[in-house]
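Working notes, structure below.
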Amino acid sequence: SSQAEIVYKYAQHFPNGTQLSICILTEGIEKYAGIERRNDSLVYIDNSDSVFEIGSITKSFTGIMLAKLVYDGKVNPNEPIKNILPISLKQSSLNGVEITLLHLANHTSGLPFEPGDVKDDTTAYDRYDPYHNYTIKKLYNYLSNKMFLLSTPGQIRKYSNLSLGLLGHLLTLISGKSYEQLLFETICNPLGMQNTFLTFNDERKHLMVRGRDETGAPINCDEIQNNAFIGASGIKSSAKDLVKYLKANINDTTYFYLAQKTTKVTNSHFTGSLGWETYSENGKHHVGAFGATGGYTSGIIFERNEHVGIVVLTNVSAYLAYKVSYIDNLCKELY
């Protein structure tokens, strides 16, 4: 009942048409709750297999995909990115320090949050899907002619969609495979995550929960192809699949665990790793990732030692949810 009260406290602020797909994982026991707001009331539904955009939770997948290549000895995390890209970078280093794969993965690359030309006259811009038309070609043009570093690589942790988007692309160059192929081979197929993907087919379209804007009006959800930000925010998934993902991260001792290893200490409470962030207090250490897109917000939290995990997926627009950090706070209170 206390968990239901927490959910209601936040869900009452969301518009009609909103769905929440929630799972609380405790010692291997999964408890699911699906909720939809209809006619200004909350009703229970079964949406544990329904698929939502997960936004920046994608970054944790990208970090694990890098960790797998490192674990298999196929790449050095300290490899300068200029050695991998087929283009010359306008600025690949600052104060003698080159940007590496590791810097991209833990948000210490010095790159800005996003390229300065995301909004320009050459590309159609949609505030609900701002990176949809930002192609690899455009990314290369930015990196060759416009990029700049805000800080010396490795020094300051500054959250960056550009860093993880670029890392996702670099992984395709290193492996010779598409991002979705790597996703399936490294994570989805081994864990049996059948409802986690980038591209659509008829069945996948049927599973998608329609995204909503801040008023509750439905918006389009398109598959992402040839996009420079796939590795930062392109994945779609379900609560059941993400519980499998959390269980692997809780129990694994190989590359899933490697991705959680601290690579940057931010302050006394927060540390960064490969696509993850860990919060520590009073001897406890929980790992989390949160996602926000024009039509969806989401969060996952887990703690290895306690075998506890939280999944919250919604079709609440980031433009509504992030006004007061609704989903972040919901996840943390349930946790």
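Projecting the Cα atoms of 50, 313, 87 onto the charge dipole of the chain (Cβ charges, centred on the Cα centre) puts 87 farthest toward the positive pole.
When only Cα pairs below 8 angstrom with a gap of at least 6 residues are kept, the chain shows a relative contact order of 27 percent. Coupling constants for the range 145-151 follow from the phi torsions by the Karplus curve (6.51 cos²θ - 1.76 cosθ + 1.60, θ = phi - 60°), and in residue order they are 10, 10, 4, 8, 9, 8, 7 Hz; glycine and proline get x. On a per residue basis, the convex hull of the C-alpha atoms belonging to the range 1-107 measures out at 215 Å³.
Once the Cα atoms of helix 58-71 and of the chain are each reduced to a long axis, what angle between those two axes, in degrees from 0 to 90 to the nearest 10, is obtained? Rounded to the nearest ten degrees, it is 50. When the residues 325, 48 are ordered by accessible surface, computed with a 1.4 Å probe over the protein chains alone, the sequence from largest down reads 325, 48. Taking the charge dipole of the range 180-335 about its Cα centre, with +1 at Lys and Arg Cβ atoms and -1 at Asp and Glu Cβ atoms, the residue from 217, 334, 193 reaching farthest to the positive side is 334.
Given the Cα atoms of the chain, and with Rh set as the inverse mean 1/r over their pairs in the Kirkwood sense, what is Rg to Rh to two decimals? Walk me through the numbers on the way to the answer.
On the way: Rg = 19.2 Å, Rh = 20.1 Å.
Looking at the chain, the ratio lands at 0.95.
Subtracting the Cα-Cα distance of residue 222 and residue 44 from 0.36 nm times their residue separation leaves 61.4 nm of extension gain. Of all the options 16, 145, 201, the one that moves most in a Gaussian network model of the chain with Cα springs shorter than 10 angstrom is 201. Remark on the range 276-335: ratio of C-alpha radius of gyration to 2.2 N^0.38 Å is 1.15. Measuring against 18 Å, Cα to Cα, the residue pairs 261/284; 119/323; 31/247 contain 119/323 as the ones spanning a longer distance. When a/c reaches 1.5 or more, the comparison of a/b and b/c decides; with that in mind, is the range 1-62 rounded, prolate or oblate per its Cα gyration tensor? Judged from the Cα gyration tensor, the range 1-62 comes out oblate (a/c at least 1.5, b/c at or above a/b).
Would you work out the charge dipole size for the chain about its Cα centre, treating the Cβ of every Lys and Arg as +1 and the Cβ of every Asp and Glu as -1, and quote it to the nearest 20 debye?
Numbers: 31 positive and 33 negative charges, 131 e Å.
With only Lys, Arg, Asp and Glu charged at Cβ, the dipole is about 620 debye.
Think of the chain as having a plus end and a minus end, set by charges on the Cβ of Lys, Arg, Asp and Glu; of 12, 106, 276, 106 sits farthest toward the positive end of this dipole.
Check the straight Cα-Cα distances from residue 177 and name the lysines below 16 Å, setting aside those fewer than 8 residues away within the same chain. Result set, ordered by chain and number: 68, 74. The smallest convex shape that holds all Cα atoms of the range 177-335, its convex hull, gives 133 Å³ per residue.
With no solvent and one equal point scatterer per Cα, compute the Debye intensity ratio I(q)/I(0) for the range 164-231 at 0.12, 0.21, 0.23 Å⁻¹ and report its log10, rounded to two decimals. Debye intensities relative to I(0), on a log10 scale: -0.40, -0.99, -1.07.
With every protein chain in place and a 1.4 angstrom probe, the accessible-area ranking of 175, 273, largest first, reads 175, 273. Listed by chain and number, the aspartates and glutamates placed with their C-alpha closer than 20 angstrom to that of residue 146 are 98, 114, 117, 120, 121; residues fewer than eight positions away on the same chain are left out.
The values are calculated or read from the model by the stated rules, or taken from the named source; none is laboratory data. Source: prediction; values computed, not measured. Every residue, glycine among them, receives a Cβ derived from its backbone with ideal geometry; neighbour counts consider all protein chains shown. What goes into the accessible areas is simple: the full protein's heavy atoms, side chains included, and nothing from ligands, DNA or RNA. Shrake-Rupley method; radii C 1.70, N 1.55, O 1.52, S 1.80 Å.
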